[in-house]
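What follows is a set of notes on a single structure, which appears directly below.
The values are calculated or read from the model by the stated rules, or taken from the named source; none is laboratory data. Everything numeric here is computed off the predicted structure, so don't read it as measured data. Cβ placement follows ideal geometry from the backbone for every residue including glycine, while neighbour counts extend to all protein chains displayed. These accessible areas exclude ligands, DNA and RNA; they are computed on the full protein's heavy atoms, side chains included. Shrake-Rupley method; radii C 1.70, N 1.55, O 1.52, S 1.80 Å.
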Amino acid sequence: MKEFNQKITKSILTGIQPSGIITLGNYIGAIKQMVRMQDEFKSYIFIADMHAITVPQDPEKLHKNIRSLVALYIACGIDPDKNIIFVQSENEYHANISWLLECNTYFGELSRMTQFKDKSSKNANFSAGLFTYPILMAADILAYDVDYVPVGIDQKQHVELARNIASRFNKKYGPTFKVPEAYITDFGTKITDLVNPTKKMSKSSANQKGVIRLLDDLKSIEKKIMGATTDSDCQIKYDPLNKPGISNLINICVALTGKTINEIENAFKNQNYGEFKKYVASVVVEEIRGIQKRYEEIINSEKLDQILNENIKITRSIAKEKFITMKHNMGLYK
Ligand code: AQP
């Protein structure tokens, strides 16, 4: 059975919802960071399909997106030999642990979650799962006794909740969980929608033109970037407040080339938006071309099934042990 590098002592858990084909935003904001962290931490990287169903999903698309996300993780550079990549719903202990935690979480705590308030205000017909999903997130984290949970600032409140639940449980039933810490990343770069650059680029967005998905046809990616909303000022200058469109394109370049904002501004000082967009398109297309090539090699391979099969055994055995300890400590039958 695969084992983590024993020299690495600290662990993390992180995941993405298969709520669509992942975007350039997911790649820059999350996956590139996972790749960076894989030599420093034992990483549990999962496909958060049970989180995705807190809002309506088309079953056929969801099914495809799950496998696709596994292949994209690997195609983007997440090494299956170093990390444990797995599908959340394949490990039933996440839901089992979640229920035990749910009975140790207060309604008031969940009601204070700002993401819930935000999401539920947009649609009055939300599921109970949307309300309780921070507990499932706590279960994902606590099942593996991880040290850190890399999150953007928007998810920090959920990690705080997981910490509170773990500490309370430990106090009430005896030592059961490692209390994890949020690892607030400098992954600050939020990539925004190309058409509406004040809005986050999201995989579930209905606006095709504003979102670059990693499996989009390369020509259409170029077209989307050439059509990106800018402004009438004609200067390639980083100013997110007044020039959100151009600043977003600069952010994309910084993330993909490693150049600084200054270097990009200087290189395009005397050039127009069209020339700059052509450059951005070439950088993005080259990056995604490589990802798509590797994706095609893996998506239908048996290797992918082997990885998932092996990893689900590992994660089930760890989470099962935690579930049994919890049951025992709580006084359930066994
Ligand atoms: N536009 C973005 N720029 C930078 N980072 C981003 N992330 C998402 N969008 C951007 C990061 O990607 C990870 C995805 O997490 P998720 O799938 O659990 O949920 P999300 O943040 O809600 O992502 P989406 O793409 O916006 O999905 P939908 O449309 O389903 O809501 C996170 O680390 C996130 O910060």
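Worth a mention:
- 5 Å binning of all Cα-Cα separations within segment 243-334, expressed as whole percents from 0 upward: 2, 11, 13, 11, 8, 7, 8, 8, 9, 8, 6, 4, 2, 1, 0
- A simple spin-label model places pseudo-atoms 7 Å from Cα toward Cβ; at Tyr106 and Gln235 they are separated by 5.2 nm.
- Take the convex hull of the alpha carbons in segment 126-209; its mean projected area over all directions comes to 7.1 nm².
- Cα-based convex hull, the chain, per residue volume (Å³, whole number): 144
- Each peptide in 34-45, 129-140 receives the mean, over its residues, of other Cβ atoms within 10 Å, and ordering these scores from highest gives 129-140, 34-45.
- Calculated [θ] (222 nm, deg cm²/dmol) that DSSP helices of n ≥ 4 give over the chain, each run adding -39,500 (n - 2.57): -16000 deg cm²/dmol
- Extreme residue, positive dipole direction of segment 208-295, given options Leu214, Asn242, Ser282 (C-beta unit charges): Leu214
- Whole-number percent relative contact order across segment 100-205, with pairs defined as alpha carbons under 8 Å at least 6 apart: 24
- Per residue, in Å², the accessible surface of the chain once ligands and nucleic acids are set aside, probe 1.4 Å: 50
- Dipole of the chain computed with +1 at Lys/Arg Cβ and -1 at Asp/Glu Cβ about the Cα centre; of Ser204, Gly108, Thr189, farthest Cα towards the positive end is Gly108.
- Calculated SAXS-style log₁₀ I(q)/I(0) at q = 0.17, 0.21, 0.24 Å⁻¹ - segment 208-295, Debye, Cα scatterers: -0.68, -1.01, -1.26
- Charges were assigned to the Cβ only: +1 to each Lys and Arg, -1 to each Asp and Glu. The resulting dipole of the chain about its Cα centre is roughly 480 debye.
- Residue with peak Gaussian network fluctuation, the chain [Cα springs, cutoff 10 Å], from Lys293, Lys277, Lys82: Lys293
- FRET efficiency for Lys327 and Ile299, using Cβ-Cβ distance with R0 set to 45 Å, rounded to 0.05: 0.70
- For the chain, built as a Gaussian network whose Cα springs stay under 10 Å, the top-fluctuating residue of Asn125, Asn170, Asn309: Asn125
- Centroid-to-centroid separation of segment 125-189 and segment 213-263 [C-alpha atoms, Å]: 34
- For q = 0.11, 0.12, 0.13, 0.18 Å⁻¹, Debye-computed log10 I/I(0) when each Cα of segment 145-297 counts as one equal scatterer: -0.56, -0.64, -0.71, -1.05
- Accessible area of the chain belonging to carbon and sulfur atoms, whole % at 1.4 Å probe: 51
- Between Ala255, Ser317, Ile298, the Cα set farthest toward the positive side of the dipole of segment 205-334 (charges on each charged residue's Cβ, about the Cα centre) is that of Ser317.
- The value for segment 280-320 of Rg(Cα) / (2.2 N^0.38 Å) is 1.76.
- GNM result for the chain, Cα springs below 10 Å: residue of Asp233, Asp49, Asp193 fluctuating most strongly: Asp233
- Cα coordinate range in segment 32-153, projected on the principal axes (Å, largest first): 41, 34, 28
- Cα-based helix-to-principal-axis angle, 302-330 vs the chain, degrees rounded to 10: 40
- Taking the C-alpha atoms only, the angle from helix 128-142 to the longest principal axis of the chain is near 80 degrees.
- Among beta bridges identified by DSSP and lying wholly in the chain, the antiparallel ones come to about 10 percent.
- Net charge dipole size for segment 208-295 [Lys, Arg +1 and Asp, Glu -1 on Cβ; Debye, nearest 20]: 320
- Compactness of segment 1-91, taken as the C-alpha radius of gyration over 2.2 N^0.38 Å, stands at 1.09.
- With Cα atoms, 0 to 90° folded angle of helix 273-298 axis to the chain main axis: 40
- Peptide packing for 267-275, 11-19 was compared via the average number of neighbouring C-beta atoms within 10 Å per residue; ordered from the highest value, the list is 11-19, 267-275.
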